[in-house]
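For reference, the structure is listed below as structure tokens.
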Amino acid sequence: MRFCLLDRITDLQRGSKITASKLLRPEEDYLADHFPRFPVMPGVLMLECMYQAGAWLVRSSEDFKHAAVLLKEARNVKYSDFVTPGKELVVTAELLKEDVTTATLKTSGTVDGNPAVSARLVLEKFNVGDRFPVRANCDPYIRMWMRGVFDRLMKAGLDSSSGSSGSQIDVKSQLVSAQS
């Protein structure tokens, strides 16, 4: 994951369900090109928010057992509303079934309580070393890094429930600073 679209995790029931949110800020780069006179969040980024929420649910439910949790399939994707600047996309992901290598989730996103997007997602989970043995030393670093991002998302959710505003998480800059 090179970037984290979600701002905060507001509810987590490990092994069952997660709720997270993304506030669409007017200064986000892609809004200048995505319908300049009617800026809206691209549908693919709405789908990315649902995937990321589902991936955090899978990771936290397994205590970060797998370094990689990737989107394998997106089924029955339905868009029903726009996300405009200043609006918040609230995403939920519910775990439907899980086996050793995959997890199937029912996901949805709402804006002001109204449906905006929904899909069934199949996520694939594995450790890098299982597929690329020469890169097995990456797995502990990836898991540690993901735990840090997850902790910040959870803290932002706690801060928002107590009245402070969560800040957008810049995962790329955190990766650069962690490497130096």
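The values are calculated or read from the model by the stated rules, or taken from the named source; none is laboratory data. Note that the structure is predicted; figures quoted are calculated from it, not measured. Here the Cβ is made from the backbone with ideal geometry for all residues, glycine too, and neighbour counts use every protein chain on show.
Structure summary
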| item | result |
| --- | --- |
| Only one of ALA119, ALA103, ALA74 that is surrounded by fewer than 18 Cβ atoms within 10 Å (Cβ to Cβ), of a type in the set (A, V, I, L, M), assigned to a strand (DSSP E or B) and in contact (Cβ under 8 Å) with a residue 12 or more places away in the chain | ALA74 |
| Condition check for LYS72: closer than 18 Å to ARG2 by Cα, at pLDDT 95 or above and basic (Lys, Arg) | yes |
| Selection status of LEU95, within 25 Å of ARG131 (Cβ to Cβ), free of Cβ contacts under 8 Å to residues at least 60 places away in the same chain and crowded, with 19+ Cβ neighbours inside 10 Å | no |
| Pick from region 122-143, criterion hydrophobic (A, V, I, L, M, F, W, C) and surrounded by 13 or more Cβ atoms within 10 Å (Cβ to Cβ), ranking: farthest from the chain's Cα centre (by Cα) | ALA136 |
| Residue within region 7-14 that is in a loop (DSSP other than H, G, I, E, B), out of contact with any Pro (no Cβ under 9 Å at 6 or more places or on another chain) and modelled with pLDDT of 95 or more present | yes |
| Where a residue in region 8-36 is over 23 Å from MET154 (Cβ atoms) and its partner, wherever it lies, is small (Gly, Ala, Ser), with Cβ under 7 Å and at least six apart | PRO26/GLY86 |
| Residue match in region 16-32 (condition: farther than 19 Å from MET144 by Cβ, at pLDDT below 95 and of a type in the set (Gly, Ala, Ser)) | yes |
| Residue among LEU24, LEU45, LEU31 that is surrounded by fewer than 21 Cβ atoms within 10 Å (Cβ to Cβ) and over 21 Å from ASN76 (Cα atoms) | LEU31 |
| Candidates ASP112, ASP81 - the one that is loosely packed, with under 15 Cβ neighbours inside 10 Å, out of contact with any helix residue (DSSP H, G or I) (no Cβ under 9 Å at 6 or more places or on another chain), over 30 Å from PHE132 (Cα atoms) and touching a residue at least 24 places away in the same chain (Cβ under 8 Å) | ASP112 |
